[in-house]
Amino acid sequence: AQSVAQPEDQVNVAEGNPLTVKCTYSVSGNPYLFWYVQYPNRGLQFLLKYITGDNLVKGSYGFEAEFNKSQTSFHLKKPSALVSDSALYFCAVRDISPAGANNLFFGTGTRLTVIP
Amino acid sequence: NAGVTQTPKFRILKIGQSMTLQCTQDMNHNYMYWYRQDPGMGLKLIYYSVGAGITDKGEVPNGYNVSRSTTEDFPLRLELAAPSQTSVYFCASRGLAIETQYFGPGTRLLVL
């Protein structure tokens with residue numbers, strides 16, 4: 001079965017410092033991986049995805065993620081954190097069952113707080 | 001495009017009452033989804049649809065029903081509300097050849 005784990009419930013980082021939000025996955029076959037962000041009282045917004053190709057994926061708002069097949073990880077990164085990056089971040093993997101539905105299986109989320 | 005819209009934004013129900021959560025998308029997407037979000041639990045898939053007239057159960061379908069009579073609309077029905085259904089509900093959609101799901105703003109439901 002597909003699964004995704006976000007080992008940290010909370011990540012705190014000082015403004016201007018680099019940030020990393022961790023995600024590991026377990027899939028059968030090639031993984032389709034996603035990052036979404038949720039601001040307070042808002043729906044989820046798509047940040048970036050890995051389907052195939054370069055292991056370093058660039059997305060919205062200066063975020064990027066590195067796909068590491070040997071470590072089964074897809075960590076979200078940003079070189080310099082902004083206070084406005086404070087939000088809830090979800091990693092997701094495409095579920096292979098049932099075939100054709102292409103549902104997403106979400107992690108439990110990581111709350112990022114950027115400290116001024 | 002308005003994207004994915006959901007109504008209402010917030011609702012309080014009494015135990016045993018019923019209601020319909022509305023979801024509409026104007027992107028002509030084939031796939032539509034209903035999720036519930038509980039604190040610390042991420043999002044759980046309730047029902048999904050791969051096109052008009054076709055729906056199927058997700059991970060947590062008990063206590064809910066859906067229909068998909070048009071491409072645009074995918075309402076979620078709660079027949080006998082229970083406190084366990086207190087949650088935030090999100091609708092999402094995606095196109096046939098697009099992997100990315102687009103989410104609505106959510107409906108916050110409180111069952112007392």
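Among the residues of region B:64-80, is any aliphatic (A, V, I, L, M), within 11 Å of chain A (Cβ to nearest Cβ) and under 13 Å from the mean Cα position of the chain (by Cα)? Walk me through how you get there before you give the answer.
Keep residues of region B:64-80 that are aliphatic (A, V, I, L, M), which gives B:66, B:76, B:78, B:80.
Narrowing the set further to residues that are within 11 Å of chain A (Cβ to nearest Cβ) leaves none.
No - not one qualifying residue is present in region B:64-80.
Of (1) farther than 27 Å from B:MET32 by Cβ; (2) touching a Pro at 6+ places or on another chain (Cβ under 6 Å), A:THR24 satisfies all except one. Which?
All conditions pass for A:THR24, except number (2).
Within region B:84-102, is there a residue that is more than 20 Å from A:ASN103 (Cβ to Cβ) and open to solvent by 70 Å² or more (accessible area, probe 1.4 Å)?
For region B:84-102, residues more than 20 Å from A:ASN103 (Cβ to Cβ) and open to solvent by 70 Å² or more (accessible area, probe 1.4 Å): present.
I'd like to verify a number: residues in region A:65-85 that are open to solvent by less than 10 Å² (accessible area, probe 1.4 Å) and part of a strand (DSSP E or B), how many?
Counting residues in region A:65-85 that are open to solvent by less than 10 Å² (accessible area, probe 1.4 Å) and part of a strand (DSSP E or B) gives 4.
Taking region A:27-64, which residues are polar (S, T, N, Q), at the interface with another protein chain (Cβ under 9 Å from one of its Cβ atoms) and open to solvent by 70 Å² or more (accessible area, probe 1.4 Å)?
Residue satisfying the conditions is A:ASN41 alone.
Looking at (1) within 14 Å of another protein chain (Cβ to nearest Cβ); (2) surrounded by 14 or more Cβ atoms within 10 Å (Cβ to Cβ), find the lone condition where A:PRO7 falls short.
Result: A:PRO7 fails condition (2) only.
Step by step: first the residues of region B:12-37, then only those that are within 10 Å of chain A (Cβ to nearest Cβ) and open to solvent by 10 Å² or more (accessible area, probe 1.4 Å), then the one that is nearest to A:VAL4 (Cα to Cα). Which residue is that?
Looking at residues that are within 10 Å of chain A (Cβ to nearest Cβ) and open to solvent by 10 Å² or more (accessible area, probe 1.4 Å), I get B:GLN37.
Has region B:91-102 got at least one residue that is of a type in the set (Ser, Thr, Tyr), at pLDDT 95 or above and touching a Gly at 6+ places or on another chain (Cβ under 8 Å)?
Scanning region B:91-102, I find no residue that is of a type in the set (Ser, Thr, Tyr), at pLDDT 95 or above and touching a Gly at 6+ places or on another chain (Cβ under 8 Å), so the answer is no.
Quick check: is even one residue across region A:48-57 part of a strand (DSSP E or B), at negative phi and of a type in the set (D, E, K, R)?
yes
The values are calculated or read from the model by the stated rules, or taken from the named source; none is laboratory data. Model, not experiment: these values are computed from the prediction. Cβ sites come from the backbone with ideal geometry, for glycine too, and all protein chains shown count toward neighbours. Accessible surface areas use protein heavy atoms only, side chains included; no ligands, DNA or RNA. Shrake-Rupley method; radii C 1.70, N 1.55, O 1.52, S 1.80 Å.
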